[in-house]
1. Restricting attention to region 155-175, which residues are part of a strand (DSSP E or B) and either touching a Cys at 6+ places or on another chain (Cβ under 8 Å) or not polar (S, T, N, Q) (or both)?
2. When you look at Ser107, is it crowded, with 22+ Cβ neighbours inside 10 Å and either at positive phi or among the hydroxyl-bearing types (Ser, Thr, Tyr) (or both), yes or no?
3. So Ala21 ticks every box in (1) assigned to a helix (DSSP H, G or I); (2) closer than 20 Å to Ile142 by Cβ; (3) aliphatic (A, V, I, L, M); (4) over 19 Å from the mean Cα position of the chain (by Cα) but one. Which box is left unticked?
4. Can you name every residue in region 112-154 that is part of a helix (DSSP H, G or I) and in contact with an Asp or Glu (Cβ under 7 Å, 6 or more places away or on another chain)?
5. May I ask you to verify whether Asp33 is under 16 Å from Lys133 (Cα atoms) and over 16 Å from the mean Cα position of the chain (by Cα)?
6. I'm trying to understand the selection: among the residues of region 154-175, which are touching a residue at least 24 places away in the same chain (Cβ under 8 Å), over 14 Å from Phe117 (Cα atoms) and surrounded by 15 or more Cβ atoms within 10 Å (Cβ to Cβ)?
7. Which one is surrounded by the fewest Cβ atoms within 10 Å (Cβ to Cβ), of the residues in region 80-99 that are in a loop (DSSP other than H, G, I, E, B) and of a type outside the set (Val, Ile, Thr)?
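Just so it is clear, none of the values below were taken in a lab; they were calculated from the coordinates. The model shown is predicted, which means the values in this text are computed figures rather than measured ones. Don't worry about glycine lacking a Cβ; one is built from the backbone with ideal geometry, like all the others, and counts go over all protein chains shown.
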Amino acid sequence: MTLGIDQPIQNKLLSFGEFLARYGSDNRYELIDGEVFDLEPTGKHEEVAAFITTKVCVQIDRASLPWFVLQRGLFRPSNVGMTAFRPDVAVVDRAELAREPLWFEQSVLTRGNSIKFVAEVVSSNWQNDYARKVEDYAALGIPEYWIADYAGLGGIRHIGKPKQPTLSICTLVDEEYEIQLVRGNQMINSTSFPDLNLTAEQVLRAGR
């Protein structure tokens, strides 16, 4: 059987420890409620994630923020059992790392306060990005979450009809995300990076 992108790859549910021992060193896997998902990013997926990373790093440097982009780490929320997300782009607050119980021995974050910004590039199992992660990232207090749906894969209730490439900007307000959909030449309004001068199309086409 050929697996699609973002599909669970085993029948037995794994604990975080079992997942870490088996898949922790490979950044193509993440754990959600005990299920291991093979992310298998396409080339376009990687281009979009890299473009966001590049632009975010420029903003961090210009503003001299004590932040950095997580490269190969896992995000294991302490209040969500048997789950370890591997965001496509995650901006970490260096000042919060002293409070992270696992960080200095493993590249694992457990606290929402450690993450200032996260972005996911949508693959075939878009439900995780539009539903599960929206709820969990908001509950954890992550201020800003982008869903970069460059192929318009998300459900109609998330991106409208007709379905088209869409960037969803989720901004935390009163512990819930307010979601703005931006497309084409519409400008992005980021609370984390207010000087970011980008359109949705630039992100979704990875600068092309």
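1. Matches in region 155-175: Leu167, Ile169, Cys170, Leu172, Val173.
2. On the way: crowded, with 22+ Cβ neighbours inside 10 Å: no; either at positive phi or among the hydroxyl-bearing types (Ser, Thr, Tyr) (or both): yes.
It is false that Ser107 is crowded, with 22+ Cβ neighbours inside 10 Å and either at positive phi or among the hydroxyl-bearing types (Ser, Thr, Tyr) (or both).
3. So the condition that Ala21 fails would be (2).
4. Keep residues of region 112-154 that are part of a helix (DSSP H, G or I), which gives 112-114, 127-139.
Within region 112-154, Asn113, Ser114, Asn128, Asp129, Lys133, Ala138 meet the criteria.
5. Judged against the criteria, Asp33 is a match.
6. Taking region 154-175 and keeping what is touching a residue at least 24 places away in the same chain (Cβ under 8 Å), we get 154-155, 158, 165-172, 175.
Filter again for over 14 Å from Phe117 (Cα atoms), leaving 154-155, 158, 165-167, 175.
Listed by number, the residues that qualify are Gly154, His158, Pro165, Thr166, Leu167.
7. Among them, the one singled out is Gly81.
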